[in-house]
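What follows is a set of notes on a single structure, which appears directly below.
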Amino acid sequence: MRLSPPAALLLATALAAPQLPAQLPPAATAAVAAPGVPQAATRGPRDPAELEAFLDGLMTAWMRDKHVAGITVSVVRDGRILLAKGYGYADVAKRVPVDPERTLFRVGSISKLFTWTGVMQLHEQGKVDLGKDVNGYLDFKIPATYPQPITLLDILTHTPGLEEDPRDLFTEDSLHITPMGTWLPAHMPARVRAPATFASYSNWATAAAGYIVERLGGAKSWDDYNEQHIFQPLGMTHTSSRQPLPAALRGDMSNGYEWKQGEFVPHAFEIVTGAAPAGSVSASATDMANFMIAHLNRGALGDARILGEQEAELMHTRVRGHDPRLPGFAHGFYEQSSHGLRIIGHGGDTQWFHSSLSLIPSENVGVFMSTNTNTGGELSFLPFLTAFLDHYYPEPVPALTPKASDHAALQRFAGEYVFNRMNFTSFVKVAALSGTIPVAAMGDGTLMITTPFGAMRLVQVDSLLFRDVNSGTRVAFRADAAGRITHAFYDATPMMVMDRTNGLGRPAVHQAILGGGLLMFLAIVLTAIVRFFIRNTPGRPRVEPSIVNGRRALTWAGLLLLVFIGLLVSLVSNPDDLLGPTPTMLKVALALPVMALVLVLWGAWAMLAQWRAGDGSVWMRLRHTGAILVALVFFWSLNTWNLLGWRM
């Protein structure tokens, strides 16, 4: 089968704007689109010159079409660097080219592989037990929400059962850096499922693992540990996890760029706050090549060794997965399966840098690629790796023929699903309201699964297992003891699960409630405006105080809620702003629904007064009663999504 994109990368693709670059970088001399790249003459990359020609065409076309300022790439095979090359600029204004040996790129979550390597080093030394409660290694306590404690193995496989909270991960202010020992307990996410059940990617848990390395590794800090036990032994002289970078490396750091209004806009160095082990590393392509070689060579680079052979093999061995037919997790590395190959690796994204690292152990091949522009997320994982595999390891996708007679049997899979990597206890939960994944049984015997990023037509190929008719992407389902479908697993995202939603928990239900409620409040406000201008019209009948009070209450409640939604939309229009501390404006905005609820309760009191006194017509009282009931259901939905009150 062929690789299918992770959701985050698909989202980046969906949001990309087709614009023309202000200028072409220096390597942009040819225009070869990825789909037109011919297959290599031999299996796997072997000839550096042929590899360079292939990458030159690929990168040239992509940098031009996707408006990427700079890319750095390295490819290794059989213990040596086959090619390392930079494309474009590290500094557009000064026209500084990307140097694969010297230019540092932010590698984002690929930093986790250094954290996991440190954990496995401690495991090899007997300092940690992967199966024991991590509370024994920390100086703060993770609550015992479930009988099963969280272990390092749970963290290595992203199965600790924690909710997601992306806030306060990034800053551009070096004074905002918080020590891990302070940041971790202050930002502890809730435990929302038992550990070792379902994967849900967790930056916080990785940071906790890095803190354990810092505490038990014998170095002064996690940064010192990396330098002494990984970077220096591997000759990674242009790599650092320190923030800001050491003075000796700052001049080699690439700018991060945003493609905006036809030009590359530089941004300051991104600082990962207290969760540094989850994403703070900056590195050159050749340094990352050394790291890949060491892992492919079972822990060794020349005479240097960062892991014993057995420990390195253990680190690369699959240990958990949701379905044995789909990729799962090794010890930190996540698996991919494509073109008949088992691939282990990791992706990495900051706001401006997007990277991927992939190892093919059976071929002794490793590939690293990083871009320095926000649009690079469209290239750094799926398109690049897929183009590389198509070129060097071509494999046709077997044809599938659906059976229309399967339609009735497929109805059990139909429904709404949501990715389980979400927040449950704060206002951030509302992000999941728009992330539904509908699955529909089609008349031709296929399942149609639609995400905000694209659609797939799936044909059943085995019990609870489906494959996309075009790409070969696989989706597996899980049923409970009664045969009801409860979960779906997407082969390219072993770090997340799709939960099936039911009844009043379905986001579509709440979308209808919130949308309908807002329309009602808008109508009430517009009606009040009309009444204001005609209030002194001669001959208008006198309106009882209970009716006036009810109207005023609902009008002001509606106005507050419309302002609240406007502020919320304004705040989330730039999701990157929520990666820092919670904006003050959001804290203020969350007061508005509380005020509106008080007004609606006042309106409810007025409604009761109307019925007791018989004020107005029956139809008027019924309308008022209906509006109050709709408003209360509206507030119930707001509360469900943690938007009623200050759940920070």
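Could you give the nm distance between label points at ALA440 and LEU608, where each point is 7 Å from its Cα heading toward the beta carbon?
4.6 nm
Can you work out the Karplus-derived ³J(HN,Hα) for every residue in the stretch 432-440? Use 6.51 cos²θ - 1.76 cosθ + 1.60 with θ = phi - 60°, whole Hz, and x for glycine or proline.
Taking θ as phi minus 60°, the curve returns 6, 5, 9, x, 6, 10, x, 10, 10 Hz for the stretch 432-440.
Taking a 27 Å limit on the Cα-Cα distance, which of the listed pairs LYS66/LYS94; LYS220/LYS587; LYS94/LYS220 fall beyond it?
On the way: LYS66/LYS94 21 Å; LYS220/LYS587 38 Å; LYS94/LYS220 38 Å.
Result: LYS220/LYS587; LYS94/LYS220 exceed 27 Å.
Mind checking which aspartates and glutamates have their Cα closer than 13 Å to the Cα of LYS132? Skip sequence neighbours fewer than 8 apart in that chain.
ASP154
Can you spot the aspartates and glutamates whose alpha carbon is less than 18 Å from LYS85's alpha carbon? Ignore those fewer than 8 places along the same chain.
LYS85 reaches ASP47, GLU50, GLU52, ASP56, ASP99, GLU101, ASP252, ASP287.
If you find the alpha carbon centre of the stretch 249-324 and of the stretch 182-246, how far apart are they in angstrom?
Distance between centres, Cα-based: 13 Å.
Two decimals is fine: what is log10 I(q)/I(0) at q = 0.12, 0.13 Å⁻¹ for the stretch 507-640, from a Debye sum with one equal scatterer on every Cα and no solvent?
-0.53, -0.61
Packing-wise, with mean Cβ within 10 Å as the measure, how do 243-253, 73-83 rank, highest first?
Values: 243-253: 14.1, 73-83: 20.3.
Highest to lowest by the protection proxy: 73-83, 243-253.
Which cross-chain or sequence-distant (5 or more) residues have an amide H under 5 Å from the amide H of ARG320, H modelled 1.01 Å from N in plane?
Close amide H contacts, sequence-distant or interchain: PHE329.
Could you sort the peptides 128-139, 105-116, 85-96 by per-residue average Cβ neighbour count (10 Å cutoff), highest mean leading?
Details: 128-139: 15.7, 105-116: 27.1, 85-96: 19.4.
Top to bottom by mean Cβ count within 10 Å: 105-116, 85-96, 128-139.
Compute the distance from the alpha-carbon center of the stretch 330-380 to that of the stretch 146-167, in whole Å.
Centre-to-centre (Cα) distance: 23 Å.
Applying 1/(1 + (r/R0)^6) with R0 = 41 Å to the Cβ-Cβ distance of LEU518 and GLU52, what FRET efficiency is obtained, to the nearest 0.05? Before the final figure, lay out each step's value.
Values: r = 56 Å, r/R0 = 1.37.
Efficiency, from the Cβ-Cβ distance: 0.15.
Within the chain, which complete DSSP H helices have Cα atoms spanning at least 24 Å along the helix axis and a mean Kyte-Doolittle hydropathy of -0.5 or higher?
Details: long enough: 48-66 (26 Å, -0.14); 507-534 (40 Å, 1.87); 545-572 (40 Å, 1.57); 591-613 (34 Å, 1.46); 618-640 (33 Å, 1.01).
Helix filter hits for the chain: 48-66, 507-534, 545-572, 591-613, 618-640.
Could you sort 408-418, 204-214 so that the peptide with the highest average Cβ count within 10 Å comes first and the rest follow in order? Kindly include the intermediate steps, with their values, before the conclusion.
On the way: 408-418: 16.7, 204-214: 26.2.
The most tightly packed comes first, giving 204-214, 408-418.
What is the order of PHE489, PHE269, fewest Cβ neighbours within 10 Å to most?
On the way: PHE489 25, PHE269 17.
By the 10 Å Cβ count, ascending, the order reads PHE269, PHE489.
Read-outs throughout are calculated quantities, based only on the coordinates presented, and are distinct from any laboratory measurement. Here the structure is a predicted model, which is why all the values come from computation and not from measurement. Glycine gets a Cβ as well: all are built from the backbone with ideal geometry, and neighbour counts include every protein chain shown.
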